[in-house]
1. Which residue fluctuates most in the GNM of chain A (Cα springs below 10 Å): A:Arg352, A:Arg59, A:Arg274?
2. Could you tell me which of B:Thr346, B:Gly280, B:Thr294 has its Cα farthest along the dipole of region B:238-417 towards the positive end, charges placed at Cβ (Lys, Arg +1; Asp, Glu -1), taken about the Cα centre?
3. Can you flag which of B:Lys58/B:Lys180; A:Lys32/A:Lys275; A:Lys136/B:Lys291 are past 18 Å Cα-Cα?
4. Work out the charge dipole of chain A with +1 on the Cβ of Lys and Arg and -1 on the Cβ of Asp and Glu about the Cα centre, then indicate which of A:Cys169, A:Val145, A:Val364 is farthest towards its positive end.
5. Once you charge only the Cβ atoms, +1 for Lys and Arg and -1 for Asp and Glu, what is the size of the charge dipole of region B:1-100 about its Cα centre, to the nearest 20 debye?
6. What residue among A:Ser411, A:Ile330, A:Tyr399 has its Cα farthest toward the positive end of the dipole of region A:252-432, where the charges are +1 on Lys, Arg and -1 on Asp, Glu, each on the Cβ?
7. Mind checking region B:303-351 for trypsin sites (Lys or Arg not before Pro) that DSSP puts in a loop (not H, G, I, E or B) and that have at most 11 other Cβ atoms within 10 Å?
8. What is the order of B:His38, B:His167, A:His40, fewest Cβ neighbours within 10 Å to most?
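FYI, it's all coordinate maths here, none of it is from the lab. What you see is a predicted model, and the numbers here were worked out from it, not measured in a lab. Here the Cβ positions follow ideal geometry from the backbone for every residue, glycine too, while neighbour counts run over all protein chains shown.
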Amino acid sequence: MQAMRSIFYSGAKASGELYFRNMISFDSFQLKNGLRVIHHFDGKTPLAVVNILYNVGARDENPELTGMAHLFEHLMFGGSKNAPSYDEPLQQASGENNAFTSNDITNYYVTLPAVNLETALWLESDRMFQLNLTPKTLQVQQGVVMEEFKQRYLNQPYGDMWLEFRPLCYKVHPYNWATIGKELAHIEKVQLTDLDTFYSQYYNPSNAILVIGGSVSLETCKTLVNRWFGDIPAGLVNLNIYPQEPAQTEARRLEISRDVPMTSISIGFHCPPRKDSSYYSVDLLSDILGSSDSSRLHQRLVKENRLFADIAAYSTDSLDPGLFVISGRIFPETKVEDAELAIWKVLEELKRESISQREWEKVVNKKLTVLNYNELEVLNKAMNLALFTHLGNTDQINYEVSSYQGTSPESIQNTAIKLFNRNQSSTLIYQAKV
Amino acid sequence: MINRSIAPATRLPETLPPFSFDNITLKNGVHVFFSKEHEELVRVSFFFRCGSLYSTEKGLVSALSKLLLSGTDLFSAYEIQEKLDFYGAYVDIESGFLFVSLHVFCIQNNVDPILSFLHEVLENVRIPNDEFELYRRKSIETLKVNEQKTAFLSKRIFNSTYFGLEHPYGRYMTQEDYLKLSVDQVQGYYENRLLPSLDFILVNSPINTESINLFGNNTRETTNLPETLSLLKKEVFSIHHQHNDAVQASIYAGMPAPTRKHPDYPAWSVLITLFGGYFGSRLMKNIREDKGYTYGIGSNTLHLHDSSLLIIRSDVKNEAKLDCMHEIMHEMTRLFTETIREEELTTVKNYMLGNIQRSFDGSLARVDRYKTIMEYELKESYFHNYVRQVKNITKEELYSIASIYLNTNNLNVVIVGDFGKN
């Protein structure tokens, strides 16, 4: 049985008529140890992609030892029992790899010539099975991660904004801290025993999703995956139970002062999790407000009122209830209260007045472009297949277009009415020192 | 149970696919190159040969690229952006040394209305005063933010010292310069230069549209590069720039390198990849993976229009900046004093061959490679020859290339950090 790429295409115009993009075909199977495997054939590329998603992220950390999940990601490259170096054999096989950690997941990926697929599976299975955790690797990677912390969060103007904003918005849920960790000291104090525990708890086939994409037949995929992953013992499955954030009942506000040229204003609202059916309305709401120069916040507050130098709106796409964020930087002459008032005016108007059909079509059409763009490269497709599988339904990757088209101006307005409640907002004023 | 101690056998990547482009010539002689393979997501890229090398005034070209869609006699900036958004278009305008390039991303169905509209806008740009004022204010604020970044400063100091403040590669805008810039200058550059300089168009898919022909209606003129651009030979410099309270220091160092067209280039590129061009490079192994001084360090070849430079850069722990510089020099010296192990050479070559294959994967990637061919006036067979040459390079060649080009006395260095604390 060979997976095929089928194309359904209608001659629809841009104006919101039904539009079908290419379908992404895939097969899925599961090993006895619980490893879930997704296979996607793409014969247009000579490459293969191996993407492994582990169900562990910063939200799984001990609040006194934050940054562990991300530090652990770095240690996964420290070599394993049969491959003392992870990188070298992969480079010899003409491969390239990287990884990222979010508050929800840790994702590793490799691209290499399809003929060398087995090298990637050997390396990935060996480090899933028997990783080398040594004092030297830990010490060096603590240094590297602390430099990453400084480079991205401390040595950049506005770099620590999210370090301040998360604890303001979340009081109970572990989204309270950023993936990099709350502070350098947490990274510094991690011990090898902490890492051993973390590894045995989360890094096992039962807690992972493996996607193989590219010029690889389903048969080869099954043979090789069974060969390399089949004998790894099953382990615990992360049940993803976290202390849930209670409903916020009064507005929160934090003002901090930093040596930056422009004061920045960020307002966060709690929004539904990624899996919620209202996700698509939330996402389009952020586009209506602030993802392009024609969006409302930019048009009103940058172009017309000249209060802000820039402003954006976006949601965090989190697996637990996330944040809808409006964030912008004001010109030196702008008063903070005027700027805040102006943001609220735009939000209130959105709650009060209906959205035109044309504006709705505009944001849906832009989404179509993005969804098609995501299909150009096999690596993107593999990552998305892993993510949708983790969300509970791999097939949803092919229903994104219809899900966005299933929204309406009304559903977006209703979302705005639910979300933009002053008593459930958190405002961070990141004040420029005079 | 599988014996995990035996690594699976590996093979080198297949040969690169040949470029597969069709082209048509518009009425005015502008070539449009299409990739033959159908893609639902289309990117149309317009290359205008009026980048900053063609401008004697600094700041004009980047201002124009930011203001190109800011208004016409008929449409406001909002109306232009709204209409492009309505058709789902993403437009990205870049200002480079050679080209101003405009890339538009959209789905097949919308190519036609988008291109006709873009053509109408590009023919009738009239930059509104208030849009220009907003651009000026935003640029000044952005500049203030950038001037707090050590990495930004290190690069700017390097370029202005190496190329000189008069050269387009070295000059930069200050707050005062933004105040002096006028909308008439930018409008003038648009009127005299933009449309006549349209050089070629690249598309990642066949597109079924008449609207591309509209771009054949404009007159085309060739402009030569101003002749004052020869680079002055300067003394090697080492600059330590104080930046109070920096928790990290930025290093930016460089020296002359062979250009892509030079016969030494393939060997040189292997040498520089081994030195600092990939995760397993000597700089990464020493400074990140052994000492933990940095999140990343790298070396690469920067290709300018008529010359190339070796660039080494890193953001490092402030206290380790001088030690890091010392290690960079040490690693460079090793290249021309020690022979490279065969195994290390094989690893870097295999990695590079895979990387070139990846850089040809997907229609957008192939269009980007084709753009390199156009920009540096290379032969279509360039990358294919390059792959063959990389495969055959020996450690003796690398040693001799290192001896010719690398000399730690010729390395120009800028470090921006807090020198009060070490």
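1. Among A:Arg352, A:Arg59, A:Arg274, the largest mean-square fluctuation in the Gaussian network model of chain A belongs to A:Arg352.
2. Of the options given, the answer is B:Thr346.
3. Pairs exceeding 18 Å: A:Lys32/A:Lys275.
4. Of the options given, the answer is A:Val364.
5. 460
6. Final value for the positive-end residue is A:Ile330.
7. Within region B:303-351, the qualifying trypsin sites (Lys or Arg not before Pro) (loop, at most 11 other Cβ atoms within 10 Å) are B:Arg341.
8. Result, fewest neighbours first: B:His38, B:His167, A:His40.
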